[in-house]
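Structure, as structure tokens:
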């Protein structure tokens, strides 16, 4: 009997190469769980098999397992810069920031021009609140590090510099959201409104944009508009306590204004 075209045969007896071929075919077909199963219990160690397994585990968001797979590779070949980089990424997604720094630093030591490892290291340093170290690395990265540089400057409360760098970086929803938070910190209501409206054009349900517009409306005394924006916030993110607080605040002000008018 012939094998159906959509069935991929796996024979462990055929050895590691067969397992890898089967897993790659399954991965190409989008059958990630089956691809991972194809790489279980290898008959012998193979760096490529563990690398592929790590990639599939990462795609399945099994970051701890992916870190273990990449760790096996770096244990076997400590000189593999890309394996250290992949390990760093998996450790990042597992919230193991100190360990991810070590992995990225090892990748850079092995390959000083490894730009992605450098950016990964800077991102981990941000999460560790080692802001000045992160800033220095982002500055070395040129245009690739502009967004990270702006974030570091913002966290260091160097708001004017941060805003200038955000404006140099490609516009994105993340950058606009951060700019909104920055304007709330500095109290620049005009810019707050501008960035919020720009973000709302990108995403009509952006909580950050709605929060910015609600804040600007409250500052301007337009409590009806504030209530509308806050109503949108609690519709989009019902668990947003700040949205509920502002919504109630705006309603209270409307009720107070109505009472004053009568």
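Laboratory data are not the source of any read-out in this text; all were calculated from the coordinates shown. It should be emphasised that the depicted structure is a prediction, and the values quoted were computed from it without experimental measurement. Cβ coordinates were reconstructed from backbone atoms using ideal geometry, including for glycine residues, and neighbour counts include every protein chain displayed.
Evaluate the stretch 83-96: report whether one residue or more is more than 22 Å from residue 122 (Cβ to Cβ), assigned to a helix (DSSP H, G or I) and touching a residue at least 24 places away in the same chain (Cβ under 8 Å). The answer is no, given that none of the residues of the stretch 83-96 is more than 22 Å from residue 122 (Cβ to Cβ), assigned to a helix (DSSP H, G or I) and touching a residue at least 24 places away in the same chain (Cβ under 8 Å).
Yes or no, residue by residue, for (1) under 22 Å from residue 231 (Cβ atoms); (2) surrounded by 13 or more Cβ atoms within 10 Å (Cβ to Cβ); (3) touching a strand residue (DSSP E or B) at 6+ places or on another chain (Cβ under 8 Å); (4) in contact (Cβ under 8 Å) with a residue 60 or more places away in the chain:
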| position | (1), (2), (3), (4) |
| --- | --- |
| 158 | no, yes, no, no |
| 161 | no, yes, no, no |
| 166 | no, yes, no, no |
| 169 | no, yes, no, no |
| 179 | no, yes, no, no |
| 187 | no, no, no, no |
| 199 | yes, yes, no, no |
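Just so you know, in the stretch 131-172 the residues that are under 18 Å from the mean Cα position of the chain (by Cα) and not in a helix (DSSP H, G or I) include one that is farthest from residue 101 (Cα to Cα), and it is 171. Of all the residues in the stretch 104-126, those that are touching a residue at least 24 places away in the same chain (Cβ under 8 Å) and closer than 18 Å to residue 55 by Cα number 4.
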